[in-house]
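Every number in this text was worked out from the coordinates using simple rules, so none of it is lab data. As the structure is a prediction and not an experimental result, all values here were calculated from the model. Cβ coordinates were reconstructed from backbone atoms using ideal geometry, including for glycine residues, and neighbour counts include every protein chain displayed.
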């Protein structure tokens, strides 16, 4: 699993350190940023497989950063929002439905749940890429089946 990259974004260095420590046993490549603009630049430069971010970020809000990442990656890079300020189902709904986050977790978070969530999102991404046919295979399939119907 060491080929997977996770971008961790939080304004608190302690949180970045604790999340890095949490995922260290999985040998992910960890990239970090402490503000939204730096995180966005690192996202474009490093092409992470998953992003974990705090909603409240200096320079670019975490919800706006989430929307950019989801739009620019066409939904292929899951974003997990881990926040201490926004609490309640209305924020979770907004993060998931409006901004496209894959998950919304309130601090203090359950470490096992966060690890399971990240591993599941990364595994799903791999499975989807493996299971989908190529464009050429789809075209061949359609051509064969359309000719039968004509």
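With both labels modelled 7 Å from their Cα along Cα-to-Cβ, the residue 106 to residue 74 distance reads 3.7 nm. For residue 45, put the label point 7 Å out on the Cα→Cβ axis and report which residues of segment 20-34 keep their amide N under 14 Å from it. Only 31-34 pass the distance filter. The ranking of 74, 123 from fewest to most other beta carbons within 10 Å of each one's beta carbon is 74, 123.
Return the percentage of antiparallel bridges among DSSP beta bridges fully within the chain, rounded to the nearest 5 %. Of the beta bridges lying entirely in the chain, close to 0 percent run antiparallel. The stretch between residue 38 and residue 26 holds 1.8 nm of extra length on full extension. This uses 0.36 nm per residue minus the Cα-Cα distance.
Put a dot 7 Å past the Cα of residue 97, heading toward its Cβ, do the same for residue 139, and the two dots end up 4.0 nm apart.
Summed over all non-identical Cα pairs, the Kirkwood treatment of the chain gives a radius of 16.4 Å. Each residue in 12, 103 was given a count of other beta-carbon atoms within 10 angstrom of its own, and listing them fewest first yields 12, 103.
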